[in-house]
Amino acid sequence: MIRTVLIVDDEHDLAATCQRLLGRRGWDVVLAASRDAAVTLLGRDARPVLTIVDRQLPDGDGFDVLRVAR
């Protein structure tokens, strides 16, 4: 079973570190640097089992991503 996590954060270094750490544990990590990018990924049938979202994104509220992800 593929375990996918979506990380939505505009802080590239933090997101990359999380991607590296989770990847070592067998997670398939997808990164998005903005609300719009995350919504686009979710619209393409990305179905992460875990979503980590920065609340303050450059193009909106991170909670918007979670509303779409449900």
Counting only protein heavy atoms, what percent of the accessible surface of the chain is carbon or sulfur at a 1.4 Å probe?
51 percent
In sequence order, what are the phi-derived ³J(HN,Hα) couplings for region 4-21 according to the Karplus relation 6.51 cos²θ - 1.76 cosθ + 1.60 with θ = phi - 60°, rounded to whole Hz, with x for glycine and proline?
10, 10, 9, 10, 10, 7, 8, 8, 4, 4, 5, 4, 5, 5, 4, 4, 5, 5
For the chain, what is the accessible area per residue in Å², given a 1.4 Å probe and the full set of protein chains?
67 Å²
Read-out P(r) over Cα pairs in 10 Å bins from 0, in percent, candidates [x] 17, 42, 27, 13, 2; [y] 23, 55, 21, 1; [z] 20, 48, 23, 8, 1; calculated match is [y]
Using only the Cα atoms of region 1-40, each taken as one equal point scatterer with no solvent, compute I(q) by the Debye sum, divide by I(0), and report log10 of the ratio at q = 0.20, 0.21, 0.29 Å⁻¹.
-0.55, -0.60, -0.95
First select every other residue whose beta carbon is under 15 angstrom from the beta carbon of Leu31; then total the charges, Lys and Arg +1, Asp and Glu -1.
-4
Fluctuation leader among Arg20, Arg44, Arg35 - the chain, Gaussian network, Cα springs under 10 angstrom
Arg44
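The values are calculated or read from the model by the stated rules, or taken from the named source; none is laboratory data. Quick caveat: nothing in here was measured; it's all calculated off a predicted structure. Note that we place each Cβ from the backbone using ideal geometry, even for glycine, and neighbour counts take in every protein chain shown. Quick note on the areas: whole protein, heavy atoms, side chains included, nothing else; ligands and nucleic acids left out. Shrake-Rupley method; radii C 1.70, N 1.55, O 1.52, S 1.80 Å.
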